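Each remark here refers to the structure printed beneath this line.
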């Protein structure tokens, strides 16, 4: 997935916000926590380009290991259960959207779901390498239509929310 992570994270956070009644957590803060979680696994791209010099697939770094995100998710749930702190709620949406990122990557990208125990990538579909540069293969693949649909739905949701806020009397 190339452009769909952030909009998908927005949609997930927007949908989940009403289910978290935590003092001190505004919708805006919740959405920011979700947005950061939605793109956090790809922060490994900095290491990929600057330190690793593109020697290893960036999905083989711990930031793309499901076990890492499951651990964060479980820690967040425990923290929220013990103390209904705003930071615990934000950690939970962050980790939920980190897992969402991996699920979306699994559609056409390799994710090592059993790492670090098994060195085997999984993906639902394969994008054939037919074009140069590499990203054309993804943009011309049917799965990019799914990304565009996610982006469109996020834009429509955001616009609907903005219009609803304008109608609220001050």
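What follows is calculated from the coordinates using simple rules that are stated; it is not laboratory data. From a predicted model like this one, the values you see are computed outputs, not experimental measurements. Here the Cβ positions follow ideal geometry from the backbone for every residue, glycine too, while neighbour counts run over all protein chains shown.
Observations
- Simple spin-label estimate for residue 160 and residue 39 gives 2.4 nm between the two label positions (7 Å along the Cα-to-Cβ direction from each Cα).
- In degrees, nearest ten, helix 86-108 long axis to first principal axis of the chain (Cα): 30 degrees
- Separation between Cα centres of region 1-72 and region 97-139, rounded to whole Å: 16 Å
- Sorted on the mean count of surrounding Cβ atoms within 10 Å across their residues, most packed first, peptides 64-75, 85-96 read 85-96, 64-75.
- Potential extension, residue 136-residue 123 segment - 0.36 nm per residue separation minus Cα distance: 2.8 nm
- Ratio of Rg to Rh over region 1-116 (Cα coordinates, Kirkwood Rh, two decimals): 1.00
- Helix-derived mean residue ellipticity, 222 nm - over the chain, DSSP H n ≥ 4, -39500 (n - 2.57), to 500: -20000 deg cm²/dmol
- Per-peptide average of other Cβ atoms within 10 Å, ordering 40-46, 7-13 highest first: 7-13, 40-46
- When the chain is treated as a GNM with alpha-carbon contacts under 10 Å, the residue of 112, 32, 158 showing the greatest mean-square fluctuation is 158.
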